[in-house]
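Engineer: Handing you this structure, nothing more for now.
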C-alpha cells in the first residue's frame, strides 16, 4: 500500500490531526475532553475485543495477551483488570479503549468519517449516490456494506478489501492517539461514569513515539549482474508510519544487520541520505501532532567480494526522540 495514500485519505475526509497532544498547563478540562471525544468519534469498523484492540495499537504484545487470557480463564476476572494489575495498562487507558469499543458497536454504516463507505467515496472508488444505493440494498436484504456494494455493481472485491485495509490502519492510528492523551500516570479517572467522556487532567502527557510497520521487504536478492554493476536498487522496500506528540520531530536510526553493503542511499525521507556500513541516522522535522508516513527506497553499494544469492534484509529501522 502506498503510504502517501493515507495522507490523501485523511485530507479527503477532513481529518488533519490524528496524534494525541498533551494538555498545556493553562488548558481547561473541557478543551482536553473535547479533543479526546473528537478522536473517539472516529471509531469505526466492527466491534473488536479489548485484547485485539490493545495488541493492534501495540500497547501489549501477543505473549502478554495470551498470558492475561490464560489468567482470565483460571480466575474469571475481567481482562482489563488483569492487564492493569500486571502494569500492562492503566485504568485510564482501559476506559478509553472500552469507550472506543462502545462507539464501534454503535456506529451506523455512514455515521463516522472512517466508516467504509466514506473511505471509498473519499478515495474515488464510488460516488455518494452509489453509496446511497448500496445502503438501501443493505437495508432491504441485510449483510455487510462491502457485500452490498459488490452486489449492486458499484465496487469489486479488490476495492472493498483495499478500503477495509485503509480503515483498519486509520482506526488503529486513532486508538493510539486517544490512548496517548491519557497515558501519563497522573491522569486519573478518565471516565467518571459509564458511557460518558469526562476526563480529569492532572499533568502533562509524556512525549511518546509509536512506529507502525506496514510493509518491510524481508530479503535482499543480489544477482551476478548487480555485483558486476556494483549496486542493487530496492524501491518501496520499507513502509511505516510514525505517530508522535513531540514538537521537536524525531530521529530514524538505520542499523546494519549484515555486511553486504559498503554504503546505502536512502530515498523517501524529507531529503535523500547516504549512510555507511556502520549505519546512520535521519532527523525528521514534522508538524506538531502529525502522523507521518514513510515509504523508503534503497540503493545498496555492494561489497566487491559478495556472492550472488538471497540475504536477510541488511538494515534495521527504529525511531527515537530527536
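The values are calculated or read from the model by the stated rules, or taken from the named source; none is laboratory data. Quick caveat: nothing in here was measured; it's all calculated off a predicted structure. Note that each Cβ is placed from the backbone with ideal geometry, even for glycine, and that neighbours are counted across all protein chains shown.
Engineer: So, of the residues in the range 303-313 that are over 29 Å from the mean Cα position of the chain (by Cα) and in a strand (DSSP E or B), which turns out to be nearest to residue 240 (Cα to Cα)?
Structural biologist: First, the residues of the range 303-313 that are over 29 Å from the mean Cα position of the chain (by Cα): 303-310.
Imposing the further condition that a residue be in a strand (DSSP E or B) reduces the set to 309-310.
Details: 309: 27, 310: 23 Å.
Only one residue fits best here, namely 310.
Engineer: Please work out which one of (1) under 23 Å from the mean Cα position of the chain (by Cα); (2) at negative phi; (3) surrounded by 15 or more Cβ atoms within 10 Å (Cβ to Cβ) is the condition residue 316 fails and give its number.
Structural biologist: (3)
Engineer: Which members of the range 229-251 meet the condition of being part of a strand (DSSP E or B) and surrounded by 19 or more Cβ atoms within 10 Å (Cβ to Cβ)?
Structural biologist: 232, 237, 238, 239, 240, 241, 242, 243, 244, 250
Engineer: Only residues that are part of a helix (DSSP H, G or I), over 12 Å from residue 178 (Cβ atoms) and at pLDDT below 85: list them for the range 34-55, please.
Structural biologist: 34
Engineer: Identify, from the list 214, 226, the residue that is in a helix (DSSP H, G or I), surrounded by 15 or more Cβ atoms within 10 Å (Cβ to Cβ) and not assigned by TED's automatic domain parsing to the domain that holds residue 166. Steps first, answer last, please.
Structural biologist: Values: 214 fails: in a helix (DSSP H, G or I).
Testing whether each residue is in a helix (DSSP H, G or I), surrounded by 15 or more Cβ atoms within 10 Å (Cβ to Cβ) and not assigned by TED's automatic domain parsing to the domain that holds residue 166 leaves just 226.
Engineer: Is at least one residue of the range 63-76 in contact with a helix residue (DSSP H, G or I) (Cβ under 9 Å, 6 or more places away or on another chain), assigned by TED's automatic domain parsing to the domain that holds residue 167 and outside any helix (DSSP H, G or I)?
Structural biologist: no
Engineer: Still on this structure, I have one more. Can you tell which of 300, 293 is touching a helix residue (DSSP H, G or I) at 6+ places or on another chain (Cβ under 6 Å), in a strand (DSSP E or B) and in contact (Cβ under 8 Å) with a residue 60 or more places away in the chain?
Structural biologist: 293
Engineer: Given the condition crowded, with 17+ Cβ neighbours inside 10 Å, modelled with pLDDT under 95, within 26 Å of residue 182 (Cβ to Cβ) and touching a strand residue (DSSP E or B) at 6+ places or on another chain (Cβ under 9 Å), answer yes or no: does some residue in the range 252-260 qualify?
Structural biologist: no
Engineer: Which condition breaks for residue 99 when tested against (1) over 22 Å from the mean Cα position of the chain (by Cα); (2) at pLDDT 85 or above; (3) within 25 Å of residue 145 (Cβ to Cβ)?
Structural biologist: So the condition that residue 99 fails would be (1).
Listed here are the residues, each with its yes/no results for (1) at pLDDT 90 or above; (2) surrounded by 21 or more Cβ atoms within 10 Å (Cβ to Cβ); (3) farther than 18 Å from residue 170 by Cα.
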position: 111; (1), (2), (3): no, no, no
position: 114; (1), (2), (3): no, yes, no
position: 121; (1), (2), (3): no, no, no
position: 124; (1), (2), (3): no, no, no
position: 144; (1), (2), (3): no, no, yes
position: 153; (1), (2), (3): yes, no, yes
